[in-house]
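Below you'll find the structure, written out as structure tokens, and then a few comments.
The values are calculated or read from the model by the stated rules, or taken from the named source; none is laboratory data. Computed from a predicted model, the values in this text were never measured in an experiment. For neighbour counting, all protein chains shown are included, and Cβ atoms are generated from backbone atoms with ideal geometry for every residue, glycine included. To get the accessible areas, we keep the full protein, side chains included, count just its heavy atoms, and leave off ligands, DNA and RNA. Shrake-Rupley method; radii C 1.70, N 1.55, O 1.52, S 1.80 Å.
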Amino acid sequence: MERNNKTISTDFILLGLWPEFSHLVILIYLILLVYCVAVMSNVILILLIWLDLQLHSPMYFLLSHLSLIDLALISTSVPKMVTNFFSGERIISQVGCGTQIFFSLTLGIAECLLLTLMSYDRYIAICNPLCYSIIISDVTCKKMVIVSWTGGAITSLVHTAYAMHFPICHPREILHFLCEVMALLKLTCEDISAYVKSVVVSSFLVVLIPLSLILASYTLIFLAVLRMNSSEGRNKALATCSSHLYVVSLYFGPAILVYMRPGSSKTPKLNQCLFMFNAILTPMLNPLIYSLRNKDVIEALKSRVINRFPLRKMKRHLHCYT
């Protein structure tokens, strides 16, 4: 009996998305639909890049890992949230909470670093195309991916270990749909002002510095594009860069508002909206942006799907039945 009480006392309760919302079941079904679309679109994009030889280039290699990060990121929160809603159990263990914090931070930081390196890839491709294959080699691409994942994992491990060591006061209720550092720290019994400042500093290093590098890269890119004589080359460069800029704005906007906005800890409901956009909607939108706005991806999809069922064969089968 004492063991059961001890186990229960170490668990957390996730209050979920706006408990007072009267039509919450409709919202959960919409989130589940978004999750299915995100999983399907990211898996299709990953398989398409890996299987189609025309997409075996550094840009699409990095894009496949961005889709892999998005796929893992949305899977860290939605399955648990949907399961808790339909089962009626909102409990998450202390180990589960720490694990969710670790993976969500790892994937979020890894995506931030990868987006920065992808902007560098576009800078070399447009501003120094003759040396592109030498500078952005296969080895370089693999190092970019390793740096993104390793940087995210190390930074996340430090924050997770430090946040989880604080003593928790009862009730152990987290006003969120997932375990998140700032929401968890509101339950602590100690003064965490010093740690909150360290979170702001690390957010500056992880968010603002990469964003500044991305903006610097695209400033040089646009200057190079304006000097292009070929309108076709200019349009192709702008189309590729615009897709990446859309993804960058979708990611960095909510991240800055959550971690670097003054008094963000006092607006938990707004933070939930921003997290839902960043961790649920963005992983669905990213592959759609890159696929619907990219002629190479569309052509590869047509060759893989449509060309397997040629119109002539369909007409021949129909002629046999008539």
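Looking only at region 169-188, which residues are crowded, with 19+ Cβ neighbours inside 10 Å, touching a Leu at 6+ places or on another chain (Cβ under 8 Å) and among the hydrophobic types (A, V, I, L, M, F, W, C)?
Initially, region 169-188 is screened for residues crowded, with 19+ Cβ neighbours inside 10 Å, giving 174, 176-181, 183-184.
Add one more test, that the residue is touching a Leu at 6+ places or on another chain (Cβ under 8 Å), and what stays is 174, 176-179, 181, 183.
Passing the criteria: 174, 177, 178, 179, 181, 183.
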Do any residues in region 170-183 that are more than 14 Å from residue 94 (Cα to Cα) have Cβ atoms under 6 Å from those of residues that are open to solvent by 10 Å² or more (accessible area, probe 1.4 Å) and of a type outside the set (A, V, I, L, M), where the two are at least six apart or on different chains, and which pairs are they? 175/268; 177/16; 182/265
The number of residues in region 12-24 that are modelled with pLDDT of 85 or more and farther than 27 Å from residue 169 by Cβ is 0
Do we have any residue at all in region 135-156 that's under 16 Å from residue 206 (Cα atoms), surrounded by 13 or more Cβ atoms within 10 Å (Cβ to Cβ) and without any contact (Cβ under 8 Å) to a residue 24 or more places away in the chain? yes
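Are any residues in region 189-220 outside any helix (DSSP H, G or I) and surrounded by fewer than 17 Cβ atoms within 10 Å (Cβ to Cβ), and if so, which ones? Steps first, please.
Our first condition is that a residue be outside any helix (DSSP H, G or I); within region 189-220, this holds for 189-192.
Correct list: 189, 190, 191.
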When you scan region 12-64, how many residues do you find that are open to solvent by 60 Å² or more (accessible area, probe 1.4 Å), assigned to a helix (DSSP H, G or I) and polar (S, T, N, Q)? 1
Restricting region 257-278 to residues that are in contact with a helix residue (DSSP H, G or I) (Cβ under 6 Å, 6 or more places away or on another chain) and at pLDDT 80 or above, the residue that is nearest to residue 121 (Cα to Cα): 278
Return yes or no: is residue 223 over 23 Å from the mean Cα position of the chain (by Cα), open to solvent by 20 Å² or more (accessible area, probe 1.4 Å), under 28 Å from residue 240 (Cα atoms) and of a type in the set (A, V, I, L, M)? yes
Any idea which residue in region 226-258 is farthest from residue 295 (Cα to Cα), counting only those that are surrounded by 15 or more Cβ atoms within 10 Å (Cβ to Cβ) and charged (D, E, K, R)? 234
